[in-house]
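Contents: one structure, followed by commentary.
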Amino acid sequence: MNKFIFVTGGVVSSLGKGLSSAAIGHLLESRGLKISFLKLDPYINVDPGTMNPFQHGEVYVTDDGAETDLDLGHYERFTSLTLSQQNNCTTGRIYDTVIKKERRGDYLGGTVQVVPHITDEIKQTILNVAHGTDVVIVEIGGTVGDIESLPFLEAIRQMPFDVGRENVLYIHVTLVPYIETAGELKTKPTQHSVNKLREIGIQPHILLCRTDRFLAPSMKDKIALFCNVDKDAVITAKDVESIYEVPIVFRKEGLDELIVRSLRLEAGPPSLRAWDAMVQKLKRPTHEVTISMVGKYMGSKESYKSLSEALVHGGLPNDTGVNIQWIESEDVERNGPDQYLSETDGILIPGGFGLRGIEGKVETIRYGREKGIPFLGLCLGMQCAVIEYARSILGLDRANSSEFEPHNPYPVIDLLPEQRTVEEKGGSMRLGAYPCHLVEGTLAHRIYGSTEISERHRHRYEFNNDFREKLTARGLIISGTSPDGRLVEIIELKHHPWFLGTQFHPEYHSRPHQPHPVFAAFIEAALKRKFGR
Ligand code: GLN
């Protein structure tokens, strides 16, 4: 029988429900259980692909090309799973499915309603993920009390009737704030939030109390009494130095044991030794490097979640901590690159969309190329590197991507002919994992140690083959292509110590226990530069 853990959040958003779910998944997987995840998002967009990163943070891309919530990135980084479209669902997708069914006549004669039609569709979505697993961890986006998440909460309230009471566990993530002027922790917001849940018929079994200090036993007793939960089910979820400590902290609080007992799971003993060693290494590195990240969503670090994590992972095999310097590309346009980049150990240009900040990125790349600073350009970052090279080395001053200047005479980055007629915006990009062939003897080949790789994509535009010969004749190396050789996936430079641009996003494949080779090599190059200086 499948078991279901439902994770809800209360009091405020950003309490780390996603990380908590990921950490629970880690603990259960480490005890030999087969797990899966589902993130239910209460917005009307069919997926987050059309949303601005300022609104929603990073769009995480899966191997099968789904544009998903960034929590799926946490789930993958904390476990061994490879997730897919079925692990993320939104209100928009649920309604889209139900409305299509209605138009097809599936409910002929009936009035289609939130209960039961929408809630049934939600429950079906949950059951679809359960196939072949011991436990599914279902995280409900938003905060209890929001109008938007009500259908999801109603659906999970009904679940015990469908799958058996003993197979369902409700975990509520809540806040226990320390009030400076009173000099104490306050439980009232937690009480209110649990009351809100109980009003709609859900009595949580376990409370994960986010706090900046340990909860004294008396405090736990009080929360247990007022919230109607067992005393040992009040868990301190204290702030941690590194997100990867969360499973360790939960384990110390006895959370996995509690879950295993409550759901009567047949689980092995936990094995956290390797993970623990990784966390220790991460917290106390011998060296440190500064990586300058020049982008356009710098006000919202959630927009680059996988990337900043991948950099941290890349530090691990080098015993190096990575200090990220976040630079707004438009600041480089205004003030020039020197004052930001003269002391840096490495430059990274991440992915992005739209014209704003492009010239600052191109200028940054020119600076890094001329000064021999290790450079990594990802997706848009790679495209900007091609633009920069065409302008500076081929003398094509106006070289550009047709994304930014549609009728440019030198579209070194362009749409493929078959893409020109596509009008639909959502999901119309090259999305998901594609194979890539690496050229032997190149930097990319040395990094991967293989000629066949697979990486995840999310972009519309491509390297324009009309400029291939001219660029390669002047020192640009094409080190990775699609297996048919048609699409350029990786570029390098002949006369530079470490310069790599990838059309794909390696950051989506990086995990702390398996740092991605591109990031490991980039940090190694940055460390070399630092020592060399
Ligand atoms: N805007 C570029 C494109 O669509 C790059 C996308 C990205 O960096 N993810 O091709």
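Along the Cα-to-Cβ line of residue 165, 7 Å from the Cα, sits a label point; which residues in region 174-204 have backbone N less than 13 Å from it? Flagged as within label range: 203.
Toward the positive end of the charge dipole of the chain, with +1 on the Cβ of Lys and Arg and -1 on the Cβ of Asp and Glu, the farthest Cα among 396, 348, 426 is that of 348. Positive end of the dipole of region 260-412 (Cβ unit charges, origin at the Cα centre): among 262, 380, 298, the Cα lying farthest that way belongs to 262. Between residue 44 and residue 178, the contour length at 0.36 nm per residue exceeds the alpha carbon distance by 44.7 nm. Carbon-plus-sulfur accessible fraction, region 281-408 (probe radius 1.4 Å, protein heavy atoms only): 44%. Using only side-chain charges placed at the Cβ, +1 for Lys and Arg and -1 for Asp and Glu, the dipole size of region 142-231 relative to its Cα centre rounds to 280 debye.
Working note: Cα gyration tensor of region 268-389, eigenvalues times five, square-rooted, sorted largest first, giving semi-axes of 31, 16, 12 Å. Under the convention that each Lys and Arg Cβ holds +1 and each Asp and Glu Cβ holds -1, the size of the dipole of region 226-333 around its Cα centre is about 440 debye.
The calculated Kirkwood hydrodynamic radius for region 335-377 is 10.8 Å, given to one decimal from all distinct C-alpha pairs. Computing FRET efficiency as 1/(1 + (r/R0)^6) for residue 300 and residue 12, where r is the C-beta to C-beta distance and R0 is 22 Å, gives about 0.80. In this structure the chain gives 41 Å² per residue of accessible area when probed at 1.4 Å with all protein chains present.
Overall dimensions of region 183-241, expressed as equivalent-ellipsoid semi-axes from the Cα gyration tensor (√(5λ), whole Å, largest first), are 19, 12, 11.
Region 16-52 and region 226-272 have their alpha-carbon centroids 17 Å apart.
Computed on region 217-367, with alpha-carbon pairs under 8 angstrom and 6+ residues apart, the relative contact order is 22 percent. The mean sequence separation of alpha-carbon pairs under 8 Å and at least six residues apart, normalised by the residue count of the chain, gives a relative contact order of 15 percent.
Set the bar at 19 Å for Cα to Cα. Now go through 123/305; 296/361; 238/283 and name every pair that lies beyond it. In this structure, 123/305 lie more than 19 Å apart at Cα. Calculate, in whole percent, how much of the Cα-Cα pair population of region 446-533 lies beyond 19 Å. Considering region 446-533, 46 percent of its Cα-Cα pairs are separated by more than 19 Å. Taking each residue as 0.36 nm, the span from residue 274 to residue 221 lengthens on full extension beyond its C-alpha to C-alpha distance by 15.6 nm. As a ratio to 2.2 N^0.38 Å, the alpha-carbon radius of gyration for region 44-185 is 1.22. Computed FRET efficiency, Cβ-Cβ of residue 473 and residue 416, R0 22 Å: what is it to the nearest 0.05? E(calc), rounded to 0.05, equals 0.40. Residue separation of residue 186 and residue 148 scaled by 0.36 nm, minus their Cα-Cα distance, works out to 10.9 nm of gained length. Counting DSSP beta bridges in region 229-385, what percent are antiparallel, to the nearest 5? Rounded to the nearest five, the antiparallel share is 0 percent. Over region 108-196, the reciprocal of the mean inverse Cα-Cα separation, the Kirkwood hydrodynamic radius, stands at 15.6 Å.
In summary, region 184-321 shows an alpha-carbon radius of gyration equal to 1.33 times the 2.2 N^0.38 Å reference for compact globular proteins. Spatial offset of region 449-483 relative to region 165-200 amounts to 52 Å, using the alpha carbon center of each. Can you pull a Stokes-Einstein diffusion coefficient for region 213-281 at 10 °C (1.306 mPa s), Rh from Kirkwood over Cα pairs, as a whole number of µm²/s? The calculation lands on 117 µm²/s. Placing +1 on each Lys and Arg Cβ and -1 on each Asp and Glu Cβ, with no other charges, gives the chain a dipole about its Cα centre of roughly 800 debye. Count Lys and Arg as plus one, Asp and Glu as minus one, and take only other residues whose Cβ is under 9 Å from that of residue 46; the net charge is then -1. Peptides 76-89, 323-336, 480-493, ordered by how many other C-beta atoms sit within 10 Å of their residues on average, highest first, read 76-89, 480-493, 323-336. The DSSP beta bridges internal to the chain are antiparallel in roughly 35% of cases. Counting only DSSP H runs of at least 4 residues, each contributing -39500 (n - 2.57), and dividing by the residue count of the chain, the helix-based mean residue ellipticity at 222 nm comes to -10500 deg cm²/dmol. Using the Cβ of residue 212 as centre and a radius below 15 Å, the other residues enclosed give a net charge of -1, where K and R count +1 and D and E count -1.
For region 372-391 versus region 490-533, the spacing of their alpha-carbon centroids is 13 Å. Just want to confirm a number: the relative contact order over region 376-533, from Cα pairs under 8 angstrom separated by 6+ residues, in percent. Relative contact order, region 376-533: 24 percent.
Built from the Cα atoms of region 382-533, the convex hull projects on average onto 10.5 nm², one quarter of its surface area.
With K and R counted +1 and D and E -1, the other residues having a Cβ less than 13 Å from that of residue 327 yield a net charge of -3. From the largest down, the chain spans 73, 62, 45 angstrom on the principal axes of its Cα atoms.
The values are calculated or read from the model by the stated rules, or taken from the named source; none is laboratory data. The structure presented is a predicted model; accordingly, all values stated were derived computationally and were not measured. Cβ coordinates were reconstructed from backbone atoms using ideal geometry, including for glycine residues, and neighbour counts include every protein chain displayed. The accessibility values were calculated without ligands, DNA or RNA, using every heavy atom of the protein model including side chains. Shrake-Rupley method; radii C 1.70, N 1.55, O 1.52, S 1.80 Å.
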